[in-house]
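Enquirer: For reference, the structure I am asking about is given below.
Computed from the coordinates by the stated procedures, all read-outs in this text should not be read as laboratory data. Because the structure is a prediction, the values reported are computed rather than measured. All Cβ positions, even for glycine, are placed from backbone atoms using ideal geometry, and neighbour counts span all protein chains on display.
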Amino acid sequence: MISYIEKLPTPEEFNLLYEAVGWGTIDTNIIDTALKNTVYSICVYDDSKIIGYGRIIGDKTMFLYIQDIMVLPSYQNQKTGTNIMNKIITKIKELKTINPSLRTYIGPSKGVEEFYRKFGFITRKEADLGEGMILKI
């Protein structure tokens, strides 16, 4: 049975998904610290096995960033990612009642941009905000 639970995953669950989607693995202490700074977190389980995850990071009032949308490959194209995003969008709408100007960002992996367009995301360039950038040191 598939269930959606608002909670943080364990670092081990996080790494399982992170590796399954092709992003490698991260030291569990780093994951633990990162997850503690999460604004909202949704885990998806098939019985007791984690199959998907998504979270929001940010300051809750001015800026949010959707991060780590991950679904095990064997569960992709079954609406799991869509359901994760719908729950995240619901939380964002709730947070926007505090500040209607709250900005939400996402940095999708290459090739999945169209998935996020279904939820109303546009590029920074389309929003006349300039190109997105990343610090590469």
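Enquirer: Which of the numbered conditions does V44 fail, given that it passes all the others? Conditions: (1) surrounded by 13 or more Cβ atoms within 10 Å (Cβ to Cβ); (2) more than 13 Å from the chain's Cα centre (by Cα).
Expert: It fails just one condition, (2).
Enquirer: Can you tell me which residue in region 64-84 is surrounded by the most Cβ atoms within 10 Å (Cβ to Cβ), limited to those that are touching a strand residue (DSSP E or B) at 6+ places or on another chain (Cβ under 7 Å) and polar (S, T, N, Q)?
Expert: T80
Enquirer: Select from region 85-107 the residues that are under 17 Å from Y53 (Cβ atoms), out of contact with any strand residue (DSSP E or B) (no Cβ under 6 Å at 6 or more places or on another chain) and of a type outside the set (A, V, I, L, M, F, W, C) and list them in ascending order.
Expert: N86, T90, G107
Enquirer: Filtering region 25-41 down to residues that are touching a helix residue (DSSP H, G or I) at 6+ places or on another chain (Cβ under 9 Å), polar (S, T, N, Q) and surrounded by fewer than 17 Cβ atoms within 10 Å (Cβ to Cβ), which residue is farthest from T80 (Cα to Cα)?
Expert: The extreme case among them is N29.
Enquirer: Residues in region 1-24 that are touching a strand residue (DSSP E or B) at 6+ places or on another chain (Cβ under 9 Å), part of a loop (DSSP other than H, G, I, E, B) and loosely packed, with under 15 Cβ neighbours inside 10 Å: how many?
Expert: 4
Enquirer: A further question on this structure: Does G130 satisfy being within 18 Å of the chain's Cα centre (by Cα) and of a type in the set (G, A, S)?
Expert: It is false that G130 is within 18 Å of the chain's Cα centre (by Cα) and of a type in the set (G, A, S).
Enquirer: Among K118, K91, K87, K136, which is under 22 Å from G22 (Cα atoms) and either exposed (fewer than 10 other Cβ atoms within 10 Å of the Cβ) or out of contact with any Asp or Glu (no Cβ under 6 Å at 6 or more places or on another chain) (or both)?
Expert: Residue meeting the stated conditions: K136.
Enquirer: Something else: Looking at region 14-34, is at least one residue acidic (D, E), in contact with a Ser or Thr (Cβ under 8 Å, 6 or more places away or on another chain) and over 23 Å from G132 (Cα atoms)?
Expert: yes
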